[in-house]
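What follows is a set of notes on a single structure, which appears directly below.
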Amino acid sequence: MRTGSSYKVIAKRIQEQLSHLQRYSELVAEKQKVQNDIDAKDKALATLDESVKNSKVQLERLEHLMAEGRAFELVHLVVDNEPCPVCGSTEHPQLASKPELYPTKEEIEAAREVRDEALQKQASEIGQKETLVIRLHELEEDFNDQVSKLTSSIVGFSEDTFDSIQQDLLSQMNRLTALHSDTEQLSKTMATNEDVLS
């Protein structure tokens, strides 16, 4: 009877250690996945930053050309020594010239929509990245707790020894299970022989 209970105690201890190792392995994989996701967000944000910058430059260019075009439309209202209808100055050293391109309101609105969409995507990616960073921090805390459990329950545990310790525990468990099975079989055989003898 004693061998059965000691088997259970040892098997339970090995099973707990294997369970801790399994959790450790899951945390390593999850941390790596979240880190890969963060790296992907960084790449996406670099592309979006460029897109936002380009869309802002394009919108500013069109708005500037629109302002130049409006100023040109008012040139015929400028009279010497009279206030300018645009800036109010009484001196008019250089009158507005016709811009090379005079964008329509629709073109400016389209450019504004492109910029706003790029800004929205950028904000969304930033929010998703921040969520991933928080998750990575939580995982690192869980990971450190798990390492602490493992170093206190398994002598010589480290990231480098993880694989060999796990293999060793699995083979111990297999040997223990086989030994327990053999012991139970031997007990049955002895009980049968005792019955026969008596």
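The values are calculated or read from the model by the stated rules, or taken from the named source; none is laboratory data. Predicted model only: the values in this text are computed from it and were never measured. Neighbour counts are summed over all protein chains in view; Cβ atoms, including those assigned to glycine, are modelled from backbone coordinates with ideal geometry. Heavy atoms of the whole protein, side chains included, go into the accessibility calculation; ligands, DNA and RNA do not. Shrake-Rupley method; radii C 1.70, N 1.55, O 1.52, S 1.80 Å.
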Does L186 satisfy being modelled with pLDDT under 85 and assigned to a helix (DSSP H, G or I)? no
From the options V133, V78, V155, residue that is open to solvent by 80 Å² or more (accessible area, probe 1.4 Å) and of a type in the set (V, I, T): V155
Taking the residues in segment 136-152 that are touching a helix residue (DSSP H, G or I) at 6+ places or on another chain (Cβ under 6 Å) and over 14 Å from L21 (Cα atoms) as candidates, determine which candidate is most open to solvent (accessible area, probe 1.4 Å). L136
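For segment 13-29, enumerate the residues that are acidic (D, E) and buried (at least 16 other Cβ atoms within 10 Å of the Cβ).
none
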Please identify the pairs in which a residue from segment 20-44 that is among the hydroxyl-bearing types (S, T, Y) has its Cβ atom under 8 Å from the Cβ atom of a residue that is in a helix (DSSP H, G or I), counting only partners at least 6 apart or on another chain. Y24/F143; Y24/Q146; Y24/V147; Y24/L150; Y24/F162; S25/F162; S25/Q166
Segment 30-53, residues that are surrounded by fewer than 16 Cβ atoms within 10 Å (Cβ to Cβ) and of a type in the set (K, R): K33, K43, K53
Can you tell me which residue is farthest from the chain's Cα centre (by Cα) among those in segment 148-161 that are at pLDDT 85 or above and in a helix (DSSP H, G or I)? S152
Residue in segment 117-139 that is of a type in the set (G, A, S), more than 23 Å from S51 (Cα to Cα), touching a residue at least 40 places away in the same chain (Cβ under 8 Å) and assigned to a helix (DSSP H, G or I) present: no
